[in-house]
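A.B. asks: I am attaching a structure below and will ask some questions about it afterwards.
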Amino acid sequence: MYGWIWRHLPGNAWVRAFISLVLVLGAVYVLFQYVFPWAEPLLPFGDVTVDGASADTGAGGERGAAR
């Protein structure tokens, strides 16, 4: 697939590399601006399974341990 794209881009290797960079940056922009915000409500990342009681444990898992 990448070879097909590279062969169909105009210009020499430097121009092709620049156009490839612009295409990649454009794809990243579209993903972050439109696709990821649209998909975020559909993903389960907001489902937290840890309750608030374990928030005050120390590094060793003991309550009241020095931090």
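A.B. asks: Working out 0.36 nm times the residue gap between residue 4 and residue 49, then minus their Cα-Cα distance, what length gain in nm do you get to one decimal? Show your work: numbers first, answer last.
C.D. replies: On the way: separation 45, 0.36 × 45 = 16.20 nm, distance 4.57 nm.
That pair, residue 4 and residue 49, stretches by 11.6 nm at full extension.
A.B. asks: Work out the FRET efficiency for residue 35 and residue 12 from their Cβ-Cβ distance, taking R0 = 30 Å, and round it to the nearest 0.05.
C.D. replies: Plugging the Cβ-Cβ distance into 1/(1 + (r/R0)^6) gives 0.40.
Bear in mind that the values in this text are calculations on the coordinates, not laboratory data. Remember, it's a predicted structure, so these values are computed and weren't measured experimentally. Counting neighbours? That spans all protein chains shown, and the Cβs are built from the backbone with ideal geometry, glycine included.
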